[in-house]
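Reviewing the structure listed below.
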Amino acid sequence: MALRTSPEVGGMGHSIKRKEDPRFIRGKGTYVDDVQLPGMLYLDIARSPFAHAKITRIGTSKALAIPGVLAVITGQDLAKYNLHWMPTLMSDTQMVLPVEKVMYQAQEVAAVLATSRYAAADGVAAVEVEYEPLPVVVDPKKALEPGAPVLRTDKKDKKDNHIWHWEWGDRAATDRAFTQADVIVKQDIYIPRIHVASIETCGCVAHFDKVNDKLTVWMTTQAPHAIRTVFALVAGHVGLAEHKIRIISPDIGGGFGGKVPVYPGYVIAVAASVLTGKPVKWIEDRMENLQADSFARDYHITAELAGKKDGTLTALRIKTLADHGYADAAANPSKFPAGLFHICTGSYDLKAAHVEVDGVYTNKPPGGIAYRCSFRVTEAVHTIERMVDLMAHQLAMDPADFRLKNFIKPEQFPYKSALGWEYDSGNYAGALQKAMDRIGYTELKREQAEKRKRGELMGIGISSFTEIVGAGPSKHFDILGLKMFDSCEIRIHPTGKAIARFGTKSQGQGHETTYAQILAEELGIPAADIQIEEGDTDTAPYGLGTYASRSTPTAGAAAAMAARKVRDKGRKIAAHLLEASENDLVWEPGKFSVKGAPAKFKTIQEIAFAAYTNHPQGMEAGLEAVSYYDPPNLTYPFGSYVCVVDIDKGTGEVKVRRFVAVDDCGNIINPMIVEGQIHGGLTMGFAPALLEEISYDEIGNIRGGSFIDYLVPTAVETPKWETDKTCTPSPHHPLGAKGVGESATVGAPAAIVNAVVDALWHLGVRHIDIPITPPKVWKLLREKGITE
Ligand code: CDP
């Protein structure tokens, strides 16, 4: 994209430094735990050691005897106000504190309120809870078997653990295509439970001001406005009306979807503050965060892909069990209980597809959230990219050639997929070709053949993913009935500086910089002169928040639209100042000039000053605008990743030797920020591919509940990423931009798995579930008799 502004103005395409970084790198950010209020109390939570158990007694006297402990709050206490249960974002229900039984290990059982964090923790240790263990169900397949213990006994009519069945696509056409297929590949794929493990855990400071009858909550939320509305709907009956609630989402240390849900700790802190009239702080520790907050993935997939002998793909059929833990608390659009899993036809021109998903209850924490992905697109991409690779290997075709043959072609866009999505734009072959050239694909193939002769294990894997980001459009997308648009409000001050506020909330993505760049592009006001604010419901326009890479497609577009409204008024003011007709004015970033007389112009700063000092008679003073942008479609970023792995036959360790990522997110606002997003995203894709997993033993004890065994990669394990890009603008976004924050997390795991399977295919290995840990690989190599 050609630059339209100077580096000093810093519009689109400039890698200007992040405006937020001076405070972050100096340790001067304001996170929730930095909020200190006079007289603040502290909350800590006692949690269940059992995965399923009846609570027979909660003894509070020992805890209350500890100096500084003021109260022990139980489910019975909340039940008096009907606050012991709360709705989830998927219209299910979830306990705030239990009255009868606990449903997973680490579930909240009671909360201790104290004058210090230490006293609260001592109080938690002294709460005496007696349990009567109940049968535990951790396997969703077993949970559906006849005779399995029914978990949600609170739902009077519930006779099993099945939550919902959802299907999409043309079953008959798909079945027909399978009957006519020359080749079918079928694979069970498990995408395990993982956790976002953001640097900052969750927490809040709730302050109910009894004098002004106003509740202010500083909280780690990615969606402050939606939270305010949910609080008002849930607690309206105890007097918390929406105009009496202010949610402030200050600096956030990573969200990745994990800070979208409402967790019990928030609600208990609010209740404690309302009852005491004192500010109450609740901050999770790391183990609480890993063990009790919403998880991601946990999809048990059976996929089948059909094709012709010549390698033409024809149809896809998928059945999935979605393990939601004890409550369906996924943060999905209401209409789609399996999120956007039906983007699973990916980058390929498949004529028929059918998807079925069944949600299941088990004794695990509720979920699942969209971990750095647009509502289950990671699961979809993993499935199709594994299946395409399987088919290519099955047909003894090169996986790159196979993809190039089956890609949706550039001239087919806008492309309607078999599952109903309208892809906006793409050039999949262009991205794959660039990645292959960059990595030296042909040479690598040669090297692999030679190494194989020597018995060495080297694999090359490709993932050519298509993402789907930017929910709305609001006609299809809502969360709990709240339509998914987003917003920008901009005010230009008399001296030409500006403030703009948004309904989204950055968690490290750099919105303070990139939104200012969009406005700089549209108005010519330097990005440095524009202050960006998000995350305060008392000041920002209503919006649905930041997750699923939706900020650029929605709020970014709203910024452009609001700026264009400002420009429209600016044109009238300029015409008045230049004594010219509006139609005779031409705009270039930063000024209006008279057509044919370029020396006669007014800068945006002069126009802003006139808006307050010399505006035309009859015109309202001021220069400001607001836009609530409802996107006409989603955006479909894409990319091709090529990965080279070497496998150590002595240890089973997979070493990612090279990884080339070519991404396309349309027009780019800030190339440096986009590269940073991709580097971080790739690391968050590498992690579940090789390291991270949360699993449970048969009685529901969590494995992976601390950083001792939940293996987040450090700089030591992380490969050196090689990035590149192509640019295929979105035809419907006002800036031609698509979202990008999640692309790499979505696309990377399949490239790594495909490389590992490629290295082992000649030994008869067809699939390995992630994470591909050294013991898993070593066991396989031992079975094949080739360990060293
Ligand atoms: O919703 P979220 O901010 O997580 O995701 P996003 O819209 O994909 O944007 C992530 C970051 O990359 C933001 O700072 C965007 O403004 C920036 N970005 C960009 O500079 N150019 C794009 N085409 C897309 C995103």
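The values are calculated or read from the model by the stated rules, or taken from the named source; none is laboratory data. Keep in mind that what you see is a predicted model, and the values were worked out from it rather than measured. No Cβ is skipped: glycine too gets one built from the backbone with ideal geometry, and neighbour counts run over all protein chains shown.
Observations on the model:
- Applying the set (1) within 16 Å of the ligand (Cβ to nearest atom); (2) farther than 30 Å from VAL9 by Cβ to GLY470 leaves exactly one unmet item: (2).
- In the range 508-534, the residues that are near the ligand (Cβ under 10 Å from one of its atoms) reach residues that are part of a helix (DSSP H, G or I) and of a type in the set (Val, Ile, Thr) with C-beta atoms within less than 8 angstrom, at least six apart or across chains, in these pairs: GLN509/ILE673; GLY510/ILE673; THR513/ILE673; THR514/THR552; THR514/ILE673.
- Matching residues, the range 657-678, being more than 13 Å from the ligand (Cβ to nearest atom) and surrounded by 24 or more Cβ atoms within 10 Å (Cβ to Cβ): PHE659, ALA661, VAL662
- In the range 373-393, residue nearest to PHE295 (Cα to Cα) [restricted to those that are small (Gly, Ala, Ser) and in a helix (DSSP H, G or I)]: ALA380
- Members of the range 98-116 that are in contact with a helix residue (DSSP H, G or I) (Cβ under 6 Å, 6 or more places away or on another chain) and not in a strand (DSSP E or B): PRO98, VAL99, ALA106
- Count of the range 219-250 residues, restricted to those that are of a type outside the set (Val, Ile, Thr) and out of contact with any Leu (no Cβ under 9 Å at 6 or more places or on another chain), is 11.
- When restricted to residues that are touching a helix residue (DSSP H, G or I) at 6+ places or on another chain (Cβ under 6 Å), within 27 Å of THR345 (Cβ to Cβ) and not hydrophobic (A, V, I, L, M, F, W, C), the range 633-660 contains 5.
- In the range 593-624, the residue that is nearest to the chain's Cα centre (by Cα) out of those that are of a type in the set (Ser, Thr, Tyr) and part of a helix (DSSP H, G or I) is TYR612.
- The residue that is nearest to the chain's Cα centre (by Cα), among those in the range 679-725 that are aromatic (Phe, Trp, Tyr) and buried (at least 19 other Cβ atoms within 10 Å of the Cβ), is PHE686.
- Answer from GLY622, GLY681, GLY618, GLY652 - the residue that is out of contact with any Lys or Arg (no Cβ under 6 Å at 6 or more places or on another chain) and within 15 Å of the ligand (Cβ to nearest atom): GLY681
- Some residue of the range 699-720 being part of a strand (DSSP E or B), in contact with a Phe, Trp or Tyr (Cβ under 7 Å, 6 or more places away or on another chain) and more than 12 Å from the ligand (Cβ to nearest atom): yes
- Qualifying residue in the range 37-49 (condition: of a type in the set (D, E, K, R), outside any strand (DSSP E or B) and touching a residue at least 40 places away in the same chain (Cβ under 8 Å)): no
- Among the candidates LYS409, LYS453, LYS445, LYS475, residue that is modelled with pLDDT under 95 and out of contact with any Ser or Thr (no Cβ under 8 Å at 6 or more places or on another chain): LYS475
- In the range 535-569, residue farthest from the chain's Cα centre (by Cα) [restricted to those that are within 14 Å of the ligand (Cβ to nearest atom) and over 26 Å from TRP218 (Cα atoms)]: ALA560
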